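Bear in mind that the values in this text are calculations on the coordinates, not laboratory data. Computed from a prediction, not measured in an experiment: that's the story for all the values here. Neighbour counts are summed over all protein chains in view; Cβ atoms, including those assigned to glycine, are modelled from backbone coordinates with ideal geometry.
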Amino acid sequence: MRFPGVGEQGQRRLLESHVTLCGCGALGTVLANALVRGGVGHLRLVDRDFIETNNLQRQVLFDEHDVAENLPKAEAAARKLGAINSSVYVEPVVTDIDRTNILDLVQDADLILDGTDNFEIRYLINDVAVKLGKPWVYGGCIGSHGQTMTILPGETPCLRCVFEAAPAPGEAGTCETAGVLSPIVNIVASFQAAEAFKILTGHRQLINRELIYIDVWENIQRRIKIAPLLGKVDCPCCQRHRFEWLDGEQGSHTTSLCGRNAVQVAQRTASRLNFEELAHHLETLGEVSYNRFLLKFDAEGYQFTVFPDGRAIIKGTSDVDKARTLYAKYIGH
């Protein structure tokens, strides 16, 4: 409150704010930490994944105890954040963001933040943000470089104005091939958090209206002017109001996970899986462990992690067709 840009009124606005954070990995944990310590009143954390030891190099809210507990990222983050600031409400949602649920996840939010690791979900966020007129902040990192931009629908270019299409497979590095250097994560997420505070405290005139690009290894900093693109490009999203990702014309239900040699198969069920029953069916394969958040087992040299909504992450392959086959064989259709 001592900072004149926020003050008591701005702090009250933060406490009354509702933010949906999509993804609780590297960028997401830094963002969530900043928002909760800053006093954002309601933070919804949405993430589909669980914690592994290799996450700890850059995902700042987690520790080895969380790995041992087999906790989903959203749940583990919410527990840590609740201990940091008990006066705010942190809502963990363990699910995969897709066209069937994104409206429910963001419709009551004042702001959407991008902590994801793939363009498919970012285009989906962009569609719903433009459709509902909600601000959102994009951020991405790979290797030693990252970039961020803020989108105010109707006032700034949207994501598809700047990036008409996602990089094709093999065109860009991945976590698997390039890794992620933790300092770039903190820098990009800090830019995103600063933009969030400006928007939520009512200082929209101060937001960044350029694409910021930083490489901490090569000592490169660029600010790319994108404001002139608004209304000058034939954007299918913000100009023609064609929401191809939200309407299901683009996108998939099976995703290779960055840096994991793993595939997520999203096979949503009408009701939640009965882990006790599933474990009984799988017990001939060897050890099956589960808690209320997830179930784990190994088969044919692959590691399966199954969630109550029917999703599964299959580690040991990046072949989508192979993953679908394994899912059908051991979990069902």
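Below are the figures for this structure:
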quantity	calculated
Local electrostatic count, G286, Cβ distance below 15 Å [Lys/Arg +1, Asp/Glu -1]	-3
Estimated translational D of the range 51-132 in µm²/s (Stokes, Kirkwood radius over Cα pairs; 20 °C; 1.002 mPa s)	149
Calculated FRET value between F3 and T284, using beta carbons and R₀ = 41 Å, to 0.05	0.10
The range 124-146 and the range 308-331: distance between their alpha carbon centers, rounded to Å	28
Shape of the range 1-98, Cα gyration tensor, a/c cut at 1.5	prolate
Gain upon complete extension [E52, S86; 0.36 nm per residue less C-alpha separation]	9.6 nm
Distance between modelled label sites at D108 and E277, nm, 7 Å Cα→Cβ extension	3.1
Potential lengthening between T100 and D319 on full extension [0.36 nm per residue; Cα-Cα distance subtracted]	76.4 nm
Descending Cα extents along the principal axes, the range 71-114, whole Å	32, 25, 15
Per principal axis, descending, Cα span of the chain in whole Å	63, 45, 42
Computed helical MRE - 222 nm, the chain, DSSP H runs ≥ 4 contributing -39500 (n - 2.57), nearest 500	-9000 deg cm²/dmol
Computed label-point distance, nm, for sites I220 and E244 using a 7 Å Cα→Cβ extension	2.7
Coil-residue GluC sites (Glu not before Pro) of the range 207-248, DSSP, other Cβ within 10 Å capped at 16	E218, E244
Out-of-range pairs (alpha-carbon distance over 21 Å; input K131/K232; K80/K315; K296/K329; K296/K322; K80/K198)	K80/K315; K80/K198
Added length on full extension, which subtracts the Cα-Cα distance from 0.36 nm per residue, R37 to R292	88.9 nm
Dipole-positive endmost among P72, I199, I97 within the chain (Cβ charges, Cα centre)	I199
Cα gyration tensor shape of the range 277-333, rounded if a/c is under 1.5, else prolate or oblate by comparing a/b with b/c	prolate
Shape category assigned to the range 113-246 from the gyration tensor of Cα positions, a/c cut at 1.5	oblate
